[in-house]
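Worksheet: the structure to be examined is printed underneath.
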Amino acid sequence: MPRRILVVTAHPDPAPERLCRTLATVYATAAEHAGHEVRRLDIATLEFPLLRSNEQFEKGGVPDMLQEASQAIVWAEHLVFVFPLWLGTMPALLKGFLEQVMRPGVAFARPEDGGGFAKALLGGRSARLIVTMGMPPLLYRIWFRDHGVAGMRRSILNFVGIKPVRETLLGLAMSNEKNRAGWIEKTRRLGEAGK
C-alpha cells in the first residue's frame with residue numbers, strides 16, 4: 001500500500017559524496033519507483049536559529065524558514081532520518097532542527113491546566129533511522145547501550161507519538177567500502193517497502 005514518506009537527509013555536511021546523502025537518495029528513489037509519495041528534506045541546506053531558552057521553545061512558533069519542513073512532518077505517514085553518529089549521538093544540527101519543528105502545538109500539546117502529561121500530536125506515524133557509524137553496531141548497542149539513537153527514538157519521536165521507530169545501523173562506515181554495495185541494496189529494499 002503506498003505511503004506518504006518524508007526522507008530527511010541529516011548529515012550536516014552538504015558535500016554530495018557523503019554516504020548518508022547516497023543512502024537518502026537511494027531510499028527516496030526506490031520508494032518513488034514503488035509508488036510511494038515522497039518528499040525530501042536536507043537539513044544541511046537550511047539556515048535556522050538554535051533555541052536558547054525554554055520560553056522560546058514553549059511560546060515561540062516554528063521559524064518561517066522551517067514552516068515547510070514542519071508541514072512535511074505533519075503530512076508524512078512515515079519519516080526516514082539518515083544521519084551519521086557523531087560523539088555517540090545525532091549531530092547537533094539534527095538536534096537543533098528537531099527542537100525547532102517538534103514544538104508545542106505542532107508535535108505535542110500541553111494540558112490546558114498545566115498539569116499532567118503532554119498529548120502526542122503525531123500518532124499514527126512510523127519512522128526509520130538509518131545511522132552510519134565508525135564502530136561496529138554490536139559494540140554500540142552493547143558497550144554504549146545504543147544511547148544516542150535510543151534517545152532520539154524515545155525522548156523525541158516516541159514522545160510526539162511516532163511509533164514504531166526502527167533502526168538500521170551501518171558500522172565501520174569510514175573504513176568499510178566493501179560493505180557499501182550491501183548497505184545501498186538494503187536501503188533500496190527498505191525504500192521499496194516504505195519501511
Condition broken by Phe117, with the remaining ones in (1) of a type outside the set (Val, Ile, Thr); (2) surrounded by fewer than 20 Cβ atoms within 10 Å (Cβ to Cβ); (3) at positive phi satisfied: (3)
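Does Pro49 meet the test of being assigned to a loop (DSSP other than H, G, I, E, B), under 17 Å from Phe81 (Cβ atoms) and at pLDDT below 95? Steps first, please.
Working: assigned to a loop (DSSP other than H, G, I, E, B): yes; under 17 Å from Phe81 (Cβ atoms): no; at pLDDT below 95: yes.
No; evaluated as a whole, the condition is false for this residue.
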Kindly check whether there is at least one residue in region 55-72 that is of a type in the set (Ser, Thr, Tyr) and surrounded by 15 or more Cβ atoms within 10 Å (Cβ to Cβ). yes
In the set Val74, Val62, Val26, the lone residue that is in contact with a helix residue (DSSP H, G or I) (Cβ under 7 Å, 6 or more places away or on another chain) and either over 24 Å from Glu99 (Cα atoms) or not in a loop (DSSP other than H, G, I, E, B) (or both) is Val26
Conditions (1) more than 22 Å from Cys20 (Cβ to Cβ); (2) free of Cβ contacts under 8 Å to residues at least 40 places away in the same chain; (3) more than 16 Å from the chain's Cα centre (by Cα): number failed by Asn158: (3)
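Look through Ile142, Ile184 and report the one residue that is modelled with pLDDT of 90 or more, surrounded by fewer than 19 Cβ atoms within 10 Å (Cβ to Cβ) and more than 30 Å from Pro63 (Cα to Cα).
Details: Ile142 fails: modelled with pLDDT of 90 or more.
One residue alone meets the criteria, Ile184.
Within region 1-33, track down each residue that is of a type in the set (Asp, Glu) and either surrounded by 17 or more Cβ atoms within 10 Å (Cβ to Cβ) or within 20 Å of Gly194 (Cβ to Cβ) (or both).
Looking only at region 1-33, we keep the residues that are of a type in the set (Asp, Glu), and these are 13, 17, 32.
Scanning region 1-33 gives a single hit, Glu32.
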If you scan region 1-23, which residues turn out to be of a type outside the set (Val, Ile, Thr) and outside any loop (DSSP other than H, G, I, E, B)? Arg4, Leu6, Leu19, Cys20, Arg21, Leu23
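Going through region 48-102 one residue at a time, which ones are small (Gly, Ala, Ser) and on the phi > 0 side of the Ramachandran plot? Lay out the reasoning, then the answer.
Applying the first criterion (small (Gly, Ala, Ser)) to region 48-102 yields 53, 60-61, 69-70, 72, 76, 88, 92, 96.
Once the filter is applied, which keeps residues that are small (Gly, Ala, Ser) and on the phi > 0 side of the Ramachandran plot, region 48-102 yields only Gly88.
The values are calculated or read from the model by the stated rules, or taken from the named source; none is laboratory data. Values in this document were obtained by computation on a predicted structure and should not be read as measured data. We place every Cβ from the backbone using ideal geometry, glycine too, and count neighbours over all the protein chains shown.
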